[in-house]
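Structure first, commentary second.
The values are calculated or read from the model by the stated rules, or taken from the named source; none is laboratory data. All of these numbers come straight from a predicted model, not from anything done at the bench. What goes into the accessible areas is simple: the full protein's heavy atoms, side chains included, and nothing from ligands, DNA or RNA. Shrake-Rupley method; radii C 1.70, N 1.55, O 1.52, S 1.80 Å.
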Amino acid sequence: MSFAQPRYDGTSLASGQQSDEELMLAYAAGDLQAFCQLYEQHKNPLWRFFVRRGMATECAEELVQEVWQRVIASAPGYQPSARFTTWLYQIARNLLADQHRKAHRRFTLVSDESEALESMASQDYPEAITEQGRLALRLKHCLGKLPALQLDVFLLKEEAGLTMEQVATIMGAGLDACKSRWRYAVANLSKCIGMGAPADD
């Protein structure tokens, strides 16, 4: 990880008990350790969000780095008017929208399970072709079938661990609408995986 950093006087203001918002303010004041704590706490969930949203591994890694570059650029004027994670995933979702416009297409996840399994086998990873592996591929396939709004709500809540209120803020939608999209997403995933009943969107 190589990022441009604000000034630093060698004194850490961060502690293990600080909130994300307090860590971000400490970083804005010049505490590099505060930034490192934020980065370590959120880099993996961010990466999973991008991957689940259909990005290839390399592209997801690049987008994660771009998110943190934007966090750094915004640090001098940062004000905790919302939860840090809400702000962070707003940045992430905006980057996805930018990628969408550049590519002129909707991102999709793996949709051909048999092709994916054959690819895994051809790479000499026979141990990956297990029931668990098949279930993981099935989940990817089913996530790829969700409408974009349902997918975003589901990933922000289940993958990023955000509250539904935070999800509604990021999506720019009402709380009830987001709850409804989440329920439809869960029902449709259950149906697709084979463990539930149909749900209309």
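When 24, 171 are compared by accessible area at a 1.4 angstrom probe, the order from most to least is 171, 24. Largest first, the residues 184, 78 sort by 1.4 Å accessible area into 184, 78. A probe of 1.4 angstrom, applied to the heavy atoms of all protein chains, finds residue 47 with accessible area near 90 square angstrom. Solvent-accessible surface (1.4 Å probe) assigned to residue 19 amounts to roughly 40 Å².
Taking all protein chains as shown and a probe of 1.4 angstrom, residue 52 keeps an accessible surface of around 70 Å².
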